[in-house]
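Participant: Quick one: this structure, given as structure tokens, is what I'll be asking you about.
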Amino acid sequence: MDRSPAVRGRGIKKSFGDVVALDGVDLDVASGQVHGLIGPNGAGKTTLLGLLLGLAVADSGRLEILGTTVGRTLAVPDGVAGFVDGPGLYPSLTARQNLSALASLRGYDTGRTASVDDALEQVGLTDVADDRIRGFSLGMRQRLGLAAALLTTPRLLVLDEPSNGLDPAGKRHVHRVITRLAADGTAVVLSSHRMDDLAALCSEVTVLATGRVVFSGPVSKLAAESGELDYRLRTSDPAAAHQVALDTPGLRVTPGRDRVEQPDTDALVVRGPVPALDELVVRLVRADVAVRELAPVVAPLEAAFLALTGAGQTDEEDL
């Protein structure tokens, strides 16, 4: 597979008045790679995606897209497709009419209905192709936006929260399309507040906080940096398990959270390194306490993100 750089950014800066959105950001995305952008509110994710789509220009720094240095004028680079802040669609038109209108506006052959139908099929919208999209759900609109991007046969696909509003079936369609495009050599850059999506799709991620890169590299390395985690423990004897957890070296019941929020559950929340958790399980078995669940309260990828940024959430409006 071609692993040449699809995106290479160095020292990218962008401000809006007194607000610094990007402050010396470096970004590398190889062809055939799915690269995730993570960051709390105001981190600069949307600004960076906009630069990749030609919707804005950097104040300084160097940005190369598909081997071409991006200039100082607003333009969508050839071979680049995608959307930020949701796809732009015509509510009064059907899904098929929207894609045909887009093809016409961009100078594609309007007789290429097979391409339109193929794009609709790939995102699972064939059954509603002739429905007006004013009645579409948020997830369906997201999928139609992805279908619009597919018309261009992109070499770089840029997606802002592509899983937003998707039901499980819609998510499977979107994940399948993204995975196939990457396998065929397309670079995909996506932002998401869904850590499970990032873990499933991305080989590398860049974490932004206040316009700066605080981590960039493989997902596995980010997850490994999560350190100690909170684990939810459910057993056959919660009272005995609580005492065993308190007596296990290196393990502690999280202050103020010895019970999960619902008072009628039989869960404890404990924190510690993996060896301490292993010892806890051994001690519970010796005490004839059956372990019914021992799982992270927060996934390792999300825990690492929170540790790096100090953020409490990632799903609200960004710069």
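Participant: Place the peptides 236-249, 278-291, 92-105, 191-204 in order of packing, highest mean first, counting for every residue the other Cβ atoms within 10 Å and averaging per peptide.
Facilitator: Values: 236-249: 16.4, 278-291: 14.6, 92-105: 18.1, 191-204: 20.1.
The peptides rank, most packed first, as 191-204, 92-105, 236-249, 278-291.
Participant: Using only Cα atoms, what Kirkwood radius does the stretch 25-86 have, in angstroms? Present the calculation step by step, with values, prior to reporting the outcome.
Facilitator: Numbers: mean 1/r = 0.0793 Å⁻¹.
It is 12.6 Å.
Participant: How big is the shadow of the Cα convex hull of the stretch 2-121, averaged over all directions, in nm²? Before the final figure, lay out the partial values.
Facilitator: Numbers: hull surface 37.8 nm².
Its average projected convex-hull area is 9.4 nm².
Participant: Compute the Rg to Rh ratio over the stretch 5-224 from the alpha carbon atoms, using the Kirkwood formula for Rh, and round to two decimal places.
Facilitator: On the way: Rg = 17.0 Å, Rh = 17.6 Å.
Reported Rg/Rh (Cα atoms, Kirkwood Rh): 0.96.
Participant: Further question on the same structure: Give, as a single signed number, the net charge of other residues whose beta carbon lies under 14 Å from the beta carbon of Asn98, with Lys and Arg counted +1 and Asp and Glu -1.
Facilitator: On the way: positive: Arg96, Arg106, Arg132, Arg134, Arg141, Arg143; negative: Asp117, Asp130, Asp131.
The answer is +3.
Read the figures in this text as sums done on the coordinates, not as results from a lab. The model shown is predicted, which means the values in this text are computed figures rather than measured ones. No Cβ is skipped: glycine too gets one built from the backbone with ideal geometry, and neighbour counts run over all protein chains shown.
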